[in-house]
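Chemist: One structure follows; several queries about it will come next.
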Amino acid sequence: MHFQLTPKGVCSRRISFDLDGNVLHNVEFQGGCPGNLQALSRVVDGMTVEQIEGLFKGIDCGGRGTSCSDQLATLVRRAYEEQAGQ
């Protein structure tokens, strides 16, 4: 299932990805730090929701209380729960 979600408190304006069960694929960030987010997208491809949360949940960027990776973990969890509810 494909998702396009809006993160909060970070430079990225949108995160899109596919979820196949609890496995993440095809992550794309709009806005933010291009090099870092391209690397993050490659690293998480094929990971489960739980793996992403374990690695990236709670990471802070510049005192914002969140980061693009933290927002990815949050949004992937939200999408997974939404998908499971259908």
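Read-outs throughout are calculated quantities, based only on the coordinates presented, and are distinct from any laboratory measurement. Given the structure is predicted, the values throughout are model-derived calculations rather than measurements. Cβ: placed from backbone, ideal geometry, glycine included. Neighbour counts: every protein chain shown.
Chemist: So I have (1) 4.9; (2) 10.4; (3) 9.7, and one of them is mean projected area of the Cα convex hull in nm² calculated from this model. Which one is it?
Modeler: (1)
Chemist: Using the per-residue mean of other Cβ atoms lying within 10 Å as a proxy for protection, in what order, highest first, do the peptides 51-62, 9-20, 67-78 fall?
Modeler: Order by mean packing, descending: 67-78, 9-20, 51-62.
Chemist: Identify the residues of the range 58-86 with backbone N under 15 Å of a label point that sits 7 angstrom from the Cα of M1 along the Cα-to-Cβ direction, or state none.
Modeler: 75-86
Chemist: Hey, what number do you get for the chain at 222 nm if only DSSP H runs of n ≥ 4 count, each worth -39500 (n - 2.57), divided across all residues, to the nearest 500?
Modeler: -13000 deg cm²/dmol
Chemist: Can you give me the distance in nm between label points at C11 and L55, each placed 7 Å from the Cα along the Cα-to-Cβ direction?
Modeler: If labels sit at C11 and L55, their model points lie 2.1 nm apart.
Chemist: If Lys and Arg each add +1 and Asp and Glu each add -1, what is the summed charge of the other residues whose beta carbon sits under 15 Å from the beta carbon of K8?
Modeler: Counting the neighbours of K8, the net charge comes to +4.
Chemist: Want the number for N22 to N36: 0.36 nm per residue separation, take away the alpha-carbon distance, what's left?
Modeler: Length gained between N22 and N36: 2.7 nm.
Chemist: Ok, one more. Hull surface divided by four, with the convex hull built on the Cα atoms of the range 11-54: how many nm²?
Modeler: Approximately 2.9 nm², given one-decimal rounding.
Chemist: Please report, in debye to the nearest 20, how large the charge dipole of the chain is about its Cα centre when each Lys and Arg carries +1 at its beta carbon and each Asp and Glu carries -1 there.
Modeler: Once rounded to the nearest 20, the dipole reads 340 debye.
Chemist: Name the residue from G31, L75, T48 whose Cα lies farthest towards the positive end of the charge dipole of the chain, charges +1 on Cβ of Lys and Arg and -1 on Cβ of Asp and Glu.
Modeler: Towards the positive end, the residue furthest out is G31.
Chemist: Using only Cα atoms, tell me the angle between helix 34-44 and the longest principal axis of the chain; keep it within 0 to 90° and round to the nearest 10.
Modeler: Result, in degrees: 30.
Chemist: Relative contact order (percent) for the chain, with alpha-carbon contacts under 8 angstrom and 6 or more residues of separation?
Modeler: Relative contact order, the chain: 26 percent.
Chemist: Taking 0.36 nm per intervening residue step and subtracting the Cα-Cα distance, what contour gain separates T48 from R77 on full extension?
Modeler: Fully extending the segment from T48 to R77 adds 9.4 nm.
Chemist: Can you compute the charge dipole magnitude of the range 1-49 about its Cα centre, using +1 on each Lys and Arg Cβ and -1 on each Asp and Glu Cβ, nothing else charged? Give it in debye, rounded to the nearest 20.
Modeler: About 260 debye.
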